[in-house]
Amino acid sequence: MSNIPTGMIKNSSSICFPQLTFLTIEELCETVDELESLLLLIPSLVYLKLIGGKKMMDEFELNVSYPN
């Protein structure tokens, strides 16, 4: 996502990736909310692989409740 110009994700009406079905992201530095914004642009996505990205994983662990 670091190669996407600033503001592009915020203007989602101008961009969409309908053919993309598989996506791998390495060392994600964005927040979960920013990742969600990106994923909204990819309605055909069926497989997402996240590799690394400590900041996002820390936030993910804080926002996920685990069953007892």
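The values are calculated or read from the model by the stated rules, or taken from the named source; none is laboratory data. Owing to the predicted nature of the structure, the values given are computational and were not obtained by experimental measurement. FYI the Cβ positions are ideal-geometry reconstructions off the backbone, even for glycines, and counts take in every protein chain you see.
Being surrounded by 12 or more Cβ atoms within 10 Å (Cβ to Cβ), modelled with pLDDT of 85 or more, part of a loop (DSSP other than H, G, I, E, B) and within 13 Å of the chain's Cα centre (by Cα) is true of L45. Of all residue pairs spaced 6 or more apart or on separate chains, those with beta-carbon atoms under 7 Å, a first member in the stretch 26-37 that is closer than 12 Å to G52 by Cβ and a second member that is at pLDDT below 80 and not in a loop (DSSP other than H, G, I, E, B) are L28/M56; C29/K55. Is at least one residue of the stretch 21-28 modelled with pLDDT under 65, in a loop (DSSP other than H, G, I, E, B) and not basic (K, R)? Checked against the condition, which is being modelled with pLDDT under 65, in a loop (DSSP other than H, G, I, E, B) and not basic (K, R), the stretch 21-28 yields no hits at all.
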